[in-house]
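The values are calculated or read from the model by the stated rules, or taken from the named source; none is laboratory data. Computed from a predicted model, the values in this text were never measured in an experiment. When we count neighbours, we look across all protein chains shown, and the Cβ atoms used for this are built from the backbone with ideal geometry, even at glycine.
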Amino acid sequence: MKRKLMALMLVLTAAAMPVAAYAAEYPCGDADADKSLTASDASVIMQKVLDDNYTMPIETVVSDSLSIVDADADGSLTASDAAVVMQKVLDESFVMPNESTTPVTYETNITLADGASTADNGGVEIDNVNNIIKITNGGVYTITGTLSNGQIIVDSDSDAELALSGMSVTNTQGPAIYGLNGDIDISAKKGTTNTLTDGTPAVFEANDDGTASDEPDACIFSHDGIKLKGTGTLIVNGNYKNGITGKDEVVIQKLSLTVNSLNNCIKGKDYVTVKSGTLNLDSQTGDGIRVTSGDLTVEDGSITVNSQDNGLFTKAGNILVSGGTIDITVVPSGTADTENYNYDGIHTKVGTIDITGGNITVKSYCDGIQGTSDVNINGAAVINVTTTGVISASGSGGYGGWTNNQTADISAKGIKSDTSLNIDGGAVITVDSTDDSLHTNGNVTITNADITVSAGDDGVHADSVLTINDGSAIKVNKSYEGLEAEKIYINGGYMTIYASDDNINAAGGSDGSSQGGFNTNADGYIEINGGYIYCENASSGGDGVDSNGKIVQNGGILLVNGPTSGGDAPIDTGDKSGDEYIVNGGTVFSVGSNGMAESPSASSGGYTVTYGVNGGGMGGPGQGGGRPGQDGFDPGSQSGTTTGSLGAGTQLTLADESGNVIATFTVKTTAQAIVIGSPDITAGKTYTLYSGGTYSGSLDENGYAAGGTITGGTKIASGTIDSKVTALS
């Protein structure tokens with residue numbers, strides 16, 4: 001009697017279930033109703049076949065079809081069903097004709113309450129003794145209420161969506177949401193605020209070798225993927241380690257998400273993608289967003305990060321930013337521990353950084369944006385970087401205290417690549433850095449970008465080649481050396497460069513992030529094919545344009561306010577044979593001290609005039625291209641017409657016999673040595689150098705102009721062009 005009553009209860013229960021739900025509760029062929037498929041089920045079916053009066057634990061007709069014991073799906077119960085069940089038992093990959101492959105899903109409302117949680121539909125198991133809510137099937141689970149010390153577990157073969165609608169879960173002994181199986185969608189409903197808080201797990205998962213791991217390591221932890229979405233608010237407090245950990249992917253869309261974590265705020269294995277939403281991420285010791293195997297992608301949205309380690313970090317993938325607003329602050333909470341923390345804003349350990357859009361602001365102690373591979377900024381992104389690292393607190397010299405670095409061996413560069421840095425597409429970049437502002441261990445290429453930098457060391461540095469193309473606007477407002485690379489090619493663009501040492505420096509080897517760190521013994525090369533270049537020396541020393549090799553100018557406009565010290569030069573080439581300044585085209589107007597000043601090469605293709613350079617009027621070695629001190633020359637022993645220095649603020653003008661202006665320049669430094677070259681200087685004509693006078697045109701922001709006429713003024717020197725380089729007297 002008891003047996004028949006149990007069977008009747010199962011029949012009534014089954015009759016109330018939808019077909020799919022019935023199949024989920026009891027596997028196809030589960031004749032003994034133990035929720036597993038074994039040889040016992042085949043035995044029960046055969047007992048029914050042999051004894052029609054025998055009542056199986058599951059023996060009902062659901063929706064006009066035989067119950068799940070009809071394993072061969074022929075509409076009748078025969079020995080064939082027992083045989084099919086045995087075939088499935090022996091071969092798990094075998095699919096029975098009546099075996100449902102469609103996941104069962106539910107729409108269930110869950111109300112949380114300590115010791116009294118409830119659910120109005122299936123797919124969930126509730127343990128009110130331990131305050132554990134276990135979701136066992138796919139579907140949508142709308143969750144309200146509060147657990148002061150409990151947990152939501154997801155263990156499902158199909159995706160489950162947790163629709164949070166004004167709920168709160170605190171777990172003092174592990175994750176608030178624990179995903180054992182199945183992807184989890186977590187959505188916050190509009191107008192609701194939802195809070196999840198974790199604690200140190202009471203039980204840790206085992207590693208493959210049987211030892212305890214540190215997982216689960218997050219307030220929201222899933223062995224599969226996590227999607228965070230909705231138009232409401234979700235607050236995650238990761239007190240143990242991470243805020244959110246997905247062992248597969250993590251995707252965020254629309255949600256207003258706040259994560260406060262001890263370690264990483266968001267950690268994903270395969271990839272992390274931010275499609276939209278508002279993210280406020282605060283990490284005490286870790287990264288804002290960390291990806292261990294794949295890419296970190298930001299498509300849109302607003303991300304604010306305050307972290308101790310990196311703002312955005314990938315260990316083995318790329319960082320891809322195409323839109324959105326990103327604001328990152330990475331500053332040590334106390335004394336900097338550079339042995340254990342990077343303090344970088346955006347950092348890839350292996351992959352590239354590709355930025356094609358968005359508005360990015362970074363304030364970091366170490367590097368602002370640092371890519372171990374290429375860094376490509378190829379879109380109309382707006383990027384502002386500030387680095388605050390104290391590179392050296394001892395020593396003297398350099399610009400900002402760079403020499404004798406004894407206190408902190410760190411890198412505090414603005415934007416850095418270990419291979420190449422490529423900037424194009426209309427990006428607007430502003431950097432204020434205690435180290436190089438733009439840096440690469442390989443090549444830098446800048447095309448069509450607006451860049452403003454203030455650097456404690458170099459404004460733009462490439463170990464190998466620096467190329468600047470047309471469409472670029474580069475302002476180096478402060479630097480030790482403005483532009484530095486082994487080889488520099490300027491093909492176009494507009495540049496204003498302020499430096500305390502060389503404005504432009506071409507030398508070989510790698511940067512030492514300090515004064516004199518570049519290898520000055522190797523060859524350098526500078527080629528100017530176009531553009532507008534204004535150089536101003538911010539101290540008494542340092543060269544205007546310096547190459548440990550050759551300088552070739554084929555075009556463009558080069559304006560140099562050089563040094564006042566006798567040991568430096570406005571334009572300086574190397575010491576080897578063939579190291580010379582060749583002017584084939586373009587305009588040059590260079591002024592500065594004459595102690596080490598050089599004339600352009602006599603092998604130049606264009607015409608230049610000099611004054612006070614190599615015997616041109618202010619005391620120096622005779623003309624011939626040799627540097628002072630070479631070939632027995634002594635600057636103090638040479639004769640020449642000396643009129644003294646022309647002070648800062650003097651407007652110097654070169655004009656032809658008719659008063660037509662070849663070039664005029666209001667100098668910002670003492671003009672002992674002057675070099676002027678222009679395509680408008682022609683052989684056989686006489687040109688005069690004036691100071692002061694009335695100019696018919698307007699000077700540009702740097703005090704330069706060409707064309708127009710001049711009247712009045714004081715004649716300094718003149719000369720008729722009879723060679724490629726003519727010394728005025």
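In segment 159-203, how many residues are of a type in the set (A, V, I, L, M, F, W, C) and assigned to a loop (DSSP other than H, G, I, E, B)?
Matching residues across segment 159-203 total 3.
Looking at GLU99, GLU125 in this structure, which one is in a loop (DSSP other than H, G, I, E, B) and of a type outside the set (Val, Ile, Thr)?
Values: GLU125 fails: in a loop (DSSP other than H, G, I, E, B).
After applying the criteria, what remains is GLU99.
Which one is surrounded by the most Cβ atoms within 10 Å (Cβ to Cβ), of the residues in segment 347-366 that are part of a loop (DSSP other than H, G, I, E, B) and touching a Phe, Trp or Tyr at 6+ places or on another chain (Cβ under 7 Å)? Quick ask: steps written out before the conclusion?
Restricting attention to segment 347-366, the residues satisfying the condition of being part of a loop (DSSP other than H, G, I, E, B) are 349-352, 356-358, 365-366.
Those still in the list that are touching a Phe, Trp or Tyr at 6+ places or on another chain (Cβ under 7 Å) too: 365-366.
Working: TYR365: 25, CYS366: 27.
Within segment 347-366, the match that is surrounded by the most Cβ atoms within 10 Å (Cβ to Cβ) is CYS366.
Test of understanding: among ILE252, ILE289, which residue is farther than 16 Å from ILE346 by Cβ, buried (at least 24 other Cβ atoms within 10 Å of the Cβ) and at pLDDT 95 or above? Please lay out each step first, then the result.
Values: ILE289 fails: farther than 16 Å from ILE346 by Cβ.
Step by step, each of ILE252, ILE289 is checked, and only ILE252 is farther than 16 Å from ILE346 by Cβ, buried (at least 24 other Cβ atoms within 10 Å of the Cβ) and at pLDDT 95 or above.
If only one of ASN529, ASN537 is surrounded by fewer than 24 Cβ atoms within 10 Å (Cβ to Cβ), within 23 Å of ALA663 (Cα to Cα), polar (S, T, N, Q) and within 33 Å of the chain's Cα centre (by Cα), which one is it? So that I can check it myself, show each step before the final result.
On the way: ASN537 fails: surrounded by fewer than 24 Cβ atoms within 10 Å (Cβ to Cβ).
Result of the check over ASN529, ASN537: ASN529.
THR314 - would you say it is of a type outside the set (Asp, Glu), in the same structural domain as GLY225 (by TED's automatic domain parsing) and either surrounded by fewer than 18 Cβ atoms within 10 Å (Cβ to Cβ) or touching a residue at least 12 places away in the same chain (Cβ under 8 Å) (or both)?
Values: of a type outside the set (Asp, Glu): yes; in the same structural domain as GLY225 (by TED's automatic domain parsing): no; either surrounded by fewer than 18 Cβ atoms within 10 Å (Cβ to Cβ) or touching a residue at least 12 places away in the same chain (Cβ under 8 Å) (or both): yes.
Answer is no for this residue.
Rundown of residues vs (1) part of a strand (DSSP E or B); (2) within 18 Å of ILE674 (Cα to Cα), yes/no style:
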position	(1), (2)
SER539	no, no
ASP543	no, yes
ILE551	yes, yes
LEU559	yes, yes
PRO563	no, yes
GLY566	no, yes
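Of the numbered conditions (1) crowded, with 21+ Cβ neighbours inside 10 Å; (2) assigned to a strand (DSSP E or B), THR142 fails exactly one; give the number of that condition.
In the conditions (1) crowded, with 21+ Cβ neighbours inside 10 Å; (2) assigned to a strand (DSSP E or B), THR142 misses (1) alone.
Quick one: which of GLY649, GLY640, GLY606, GLY626 is at pLDDT 90 or above, under 23 Å from ILE721 (Cβ atoms) and not in a strand (DSSP E or B)?
Numbers: GLY649 fails: under 23 Å from ILE721 (Cβ atoms); GLY640 fails: at pLDDT 90 or above; GLY626 fails: at pLDDT 90 or above.
Within the list GLY649, GLY640, GLY606, GLY626, the selection yields GLY606.
Between residues in segment 319-330 that are of a type in the set (D, E, K, R) and residues that are surrounded by fewer than 18 Cβ atoms within 10 Å (Cβ to Cβ), which pairs lie under 9 Å by C-beta distance while being six or more apart or on different chains?
What qualifies is ASP327/SER302; ASP327/ASN359.
Test each condition in (1) surrounded by fewer than 18 Cβ atoms within 10 Å (Cβ to Cβ); (2) of a type in the set (A, V, I, L, M); (3) in the same structural domain as LEU196 (by TED's automatic domain parsing) for VAL169 and report the one that comes out false.
(1)
Quick one: how many residues across segment 175-212 are over 33 Å from the mean Cα position of the chain (by Cα) and of a type in the set (Gly, Ala, Ser)?
5
Within segment 211-228, which residues are among the charged types (D, E, K, R) and either on the phi > 0 side of the Ramachandran plot or assigned to a loop (DSSP other than H, G, I, E, B) (or both)?
Let us first name the residues in segment 211-228 that are among the charged types (D, E, K, R), namely 214-215, 217, 224, 227.
Correct list: ASP214, GLU215, ASP217, ASP224.
Here is a yes/no grid of residues against (1) modelled with pLDDT under 85; (2) in a loop (DSSP other than H, G, I, E, B); (3) in the same structural domain as THR136 (by TED's automatic domain parsing); (4) surrounded by 15 or more Cβ atoms within 10 Å (Cβ to Cβ):
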{"site": "LEU12", "(1), (2), (3), (4)": "yes, no, no, no"}
{"site": "ASP30", "(1), (2), (3), (4)": "no, yes, no, yes"}
{"site": "ASP72", "(1), (2), (3), (4)": "no, yes, no, yes"}
{"site": "GLY75", "(1), (2), (3), (4)": "yes, yes, no, no"}
{"site": "ALA82", "(1), (2), (3), (4)": "no, no, no, yes"}
{"site": "PRO103", "(1), (2), (3), (4)": "yes, yes, no, yes"}
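Within 51 Å of the chain's Cα centre (by Cα) and in contact (Cβ under 8 Å) with a residue 60 or more places away in the chain: is that true of ALA671 in this structure?
Numbers: within 51 Å of the chain's Cα centre (by Cα): yes; in contact (Cβ under 8 Å) with a residue 60 or more places away in the chain: yes.
Yes.
Cβ-Cβ below 6 Å, separation at least six or inter-chain, first residue in segment 175-192 and closer than 19 Å to LYS254 by Cα, second charged (D, E, K, R) and part of a strand (DSSP E or B): which pairs?
Close Cβ pairs satisfying both conditions: ASP185/GLU161; ASP185/LYS227; SER187/LYS229.
With the requirement that a residue be more than 22 Å from GLY357 (Cβ to Cβ) and either surrounded by fewer than 24 Cβ atoms within 10 Å (Cβ to Cβ) or out of contact with any Ser or Thr (no Cβ under 9 Å at 6 or more places or on another chain) (or both), what does segment 259-274 give you?
ASN260, LEU262, ASN263, LYS269, ASP270
If I filter segment 116-139 down to residues being under 14 Å from ALA176 (Cα atoms) and aliphatic (A, V, I, L, M), which single residue comes out as surrounded by the fewest Cβ atoms within 10 Å (Cβ to Cβ)? First the steps, then the outcome.
The initial filter retains those residues of segment 116-139 that are under 14 Å from ALA176 (Cα atoms), namely 130-135.
Subset that is aliphatic (A, V, I, L, M): 132-133, 135.
Numbers: ILE132: 17, ILE133: 24, ILE135: 28.
Step by step, filter segment 116-139, then rank; the result is ILE132.
Hey, among the residues in segment 172-222 that are polar (S, T, N, Q) and within 12 Å of ILE153 (Cα to Cα), which one's surrounded by the fewest Cβ atoms within 10 Å (Cβ to Cβ)?
Among residues in segment 172-222 that are polar (S, T, N, Q) and within 12 Å of ILE153 (Cα to Cα), the one surrounded by the fewest Cβ atoms within 10 Å (Cβ to Cβ) is ASN181.
Here are some conditions: (1) in a loop (DSSP other than H, G, I, E, B); (2) of a type in the set (Gly, Ala, Ser); (3) surrounded by 19 or more Cβ atoms within 10 Å (Cβ to Cβ). ALA717 meets all but one. Which one does it not meet?
If we test ALA717 against (1) in a loop (DSSP other than H, G, I, E, B); (2) of a type in the set (Gly, Ala, Ser); (3) surrounded by 19 or more Cβ atoms within 10 Å (Cβ to Cβ), just (1) comes out false.
Among (1) under 17 Å from ASN548 (Cβ atoms); (2) touching a Gly at 6+ places or on another chain (Cβ under 8 Å); (3) among the small types (Gly, Ala, Ser), which single condition is SER590 missing?
So the condition that SER590 fails would be (1).
Taking the condition of being assigned to a loop (DSSP other than H, G, I, E, B) and either modelled with pLDDT of 95 or more or not polar (S, T, N, Q) (or both), how many residues in segment 665-712 meet it? Write out each step before concluding.
At the first step, the residues of segment 665-712 found to be assigned to a loop (DSSP other than H, G, I, E, B) are 667-670, 672, 678-685, 692-693, 696-703, 706-708, 712.
Pick out the ones that are also either modelled with pLDDT of 95 or more or not polar (S, T, N, Q) (or both) and you get 667-668, 678-685, 692-693, 696-703, 706-708, 712.
Here the count works out to 24.
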